[in-house]
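To start, the structure itself, in structure tokens.
The values are calculated or read from the model by the stated rules, or taken from the named source; none is laboratory data. Keep in mind the model is a prediction, meaning the values are calculated, not measured. In this analysis, Cβ positions are derived from the backbone assuming ideal geometry, glycine residues included, and neighbour counts consider all displayed protein chains.
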Amino acid sequence: MYSVLHMFPEEFPLLNRELKAGLYSAPVYYTARMVALLPGLLIEPTLFTLVVYWIAGLRGSLYAFSFTVFLAILVLNVAIACGSFFSCAFGSMPVAIAYLVPFDYALMMTSGLFIKLSSMPKYVSWIRHLSWLMYSNEAMSIVQWDGVQNITCITNEAGMPCLSTGEEVLTTYDFQSSNLWMDVLALFILYLAFHSLAVLALRHRTRRK
């Protein structure tokens, strides 16, 4: 997300000259930039998952591994789309970072990693619907835990949880196995929404100048 913040502000002077010369339109330029990034956005998360997946000892089935790679690719692309939107909207990397950091923290806090989703106040909990971290966290958890029936407790300490099935693990984090494809759909919607907002912001900024 932060890696693309510099991309559009650095190219605004050249972009404005070429737009005024009628060489192409803002949407065509934006699409070309995203297509140029696409090979890296497919290869990098795939290589990352290839290494981390087996080191972490995650589920050994082809379905679980393939779905995890797919989710990693999708999440990275959503994050890039969000970073591109902030880059186009603010036109300056320091200003974009100033707005993006609190937004990023809000998404992380509502991802289900740091706090149970049901325990969040209602005036904050709505933010999770914008958090691709929450959707991906739930989807990856479902892929790893759904159908698991043989978790063995290795501690007898008082007060320590003893979760015996994957369904209990998901319930602990307020996740539901039936939400898998809804999470995937939500990630696609966020991907399209951020890219659409980025194109609108780019057109507005170049048209204004």
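In table form, for the structure just shown:
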| quantity | calculated |
| --- | --- |
| Residues of the stretch 129-173 classified as small (Gly, Ala, Ser) and in a loop (DSSP other than H, G, I, E, B), total | 5 |
| Residue count, the stretch 51-89 (criterion: farther than 19 Å from VAL184 by Cβ and touching a residue at least 40 places away in the same chain (Cβ under 8 Å)) | 7 |
| Only one of PRO45, PRO9, PRO13 that is over 27 Å from VAL184 (Cβ atoms), of a type outside the set (Ser, Thr, Tyr) and surrounded by 14 or more Cβ atoms within 10 Å (Cβ to Cβ) | PRO9 |
| Near pairs, Cβ below 6 angstrom, 6+ apart or cross-chain, from the stretch 1-22 (in a helix (DSSP H, G or I)) to any residue that is at pLDDT 85 or above and among the aromatic types (Phe, Trp, Tyr) | none |
| Residue within the stretch 27-37 that is surrounded by 14 or more Cβ atoms within 10 Å (Cβ to Cβ), closer than 30 Å to GLN144 by Cβ and either in contact with a helix residue (DSSP H, G or I) (Cβ under 7 Å, 6 or more places away or on another chain) or in contact (Cβ under 8 Å) with a residue 24 or more places away in the chain (or both) present | yes |
| Top-ranked residue of the stretch 88-128 - restricted to ones that are of a type in the set (Lys, Arg) and part of a helix (DSSP H, G or I), ranked as surrounded by the most Cβ atoms within 10 Å (Cβ to Cβ) | ARG128 |
| Neighbours by Cβ (under 7 Å, 6+ apart or cross-chain): first from the stretch 99-121, small (Gly, Ala, Ser); second part of a helix (DSSP H, G or I) | ALA106/ILE127; SER111/LEU133; SER111/MET134; SER111/ASN137; GLY112/MET134; GLY112/ASN137; GLY112/GLU138 |
| Of all residues making up the stretch 48-72, the number that are over 30 Å from PHE85 (Cα atoms), surrounded by 13 or more Cβ atoms within 10 Å (Cβ to Cβ) and of a type outside the set (Lys, Arg) | 4 |
